[in-house]
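A quick write-up on the structure given underneath.
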Amino acid sequence: MSRDEREKFLAGVHVGVLGVDDPRAGGGPLLIPVWYDYTPGGTLAVQTGRDTVKARLMNAAGRFSLCVQDETAPYRYVSVEGPVVEVTDPADPDVRESMAVRYLGADEAVRYLDATRDQLRDDITLRMAPRRWRSGDFASFAQAIAEATA
């Protein structure tokens, strides 16, 4: 994917899989599905409880990764990794609202935000500056197979 294609794809609505180094019990990454917010050229935001394992590990590592994908053919994915450049404590309510609308739609977001408004006291917003990108678009591969079997 080109830079514009991968940034546009990341800005689309996908559940991300957040990865962060987890040195507990012999290491390996902690992988967690998350909602996220991203605007091309900007930082990537996630929110989580300040006292969660995920938050503690991201703060300790000072960085994290996120991978998003299409789950239907032709498959595409974008993976980004970078440093945590900002932590907002308590969580930014504008980011929470933006994510709720993004993932649930305007009507359902209102109900979700009302039901979770107390979480704003316990949640933080972490912003990552994407530094390393990996991406794949298997459309051309799928087309080549289709042509070869036609």
- Task: Could you list, in sequence order, all residues of the stretch 40-54 that are in contact (Cβ under 8 Å) with a residue 40 or more places away in the chain and farther than 19 Å from ARG6 by Cβ?
- Result: GLN47, THR48, GLY49, ARG50, ASP51
- Item | Hits in the stretch 13-31 (condition: touching a Phe, Trp or Tyr at 6+ places or on another chain (Cβ under 9 Å), part of a loop (DSSP other than H, G, I, E, B) and surrounded by 11 or more Cβ atoms within 10 Å (Cβ to Cβ)) | HIS14, VAL15
- Note on the structure: Condition set open to solvent by 20 Å² or more (accessible area, probe 1.4 Å) and of a type in the set (A, V, I, L, M, F, W, C), scope the stretch 113-141, selection modelled with the lowest pLDDT: answer is PHE141
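Listed here are the residues, each with its yes/no results for (1) within 20 Å of SER135 (Cβ to Cβ); (2) touching a Ser or Thr at 6+ places or on another chain (Cβ under 8 Å); (3) surrounded by fewer than 16 Cβ atoms within 10 Å (Cβ to Cβ).
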position: THR48; (1), (2), (3): no, no, no
position: VAL53; (1), (2), (3): no, no, yes
position: ALA60; (1), (2), (3): no, no, yes
position: THR72; (1), (2), (3): yes, no, yes
position: VAL78; (1), (2), (3): yes, yes, no
position: GLU86; (1), (2), (3): no, yes, yes
position: PRO90; (1), (2), (3): no, no, yes
position: PRO93; (1), (2), (3): no, no, yes
position: GLY105; (1), (2), (3): no, no, yes
- Message: Looking only at the stretch 32-46, filter to residues that are small (Gly, Ala, Ser) and farther than 18 Å from ASP123 by Cα; which one of those is most open to solvent (accessible area, probe 1.4 Å)?
- Response: GLY41
- Residues of the stretch 1-11 classified as open to solvent by less than 20 Å² (accessible area, probe 1.4 Å) and without any contact (Cβ under 8 Å) to a residue 60 or more places away in the chain, total: 1
- Message: Can you confirm whether GLU7 is assigned to a helix (DSSP H, G or I), over 21 Å from TRP133 (Cβ atoms) and either touching a Leu at 6+ places or on another chain (Cβ under 7 Å) or at pLDDT 95 or above (or both)?
- Response: no
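The values are calculated or read from the model by the stated rules, or taken from the named source; none is laboratory data. This structure is a prediction, so every number in the text was calculated from the model and none was measured. Positions of Cβ are backbone-derived with ideal geometry, glycine not excepted, and every protein chain shown enters the neighbour counts. Side chains are part of the model used for accessible areas, which takes the heavy atoms of the whole protein and leaves out ligands, DNA and RNA. Shrake-Rupley method; radii C 1.70, N 1.55, O 1.52, S 1.80 Å.
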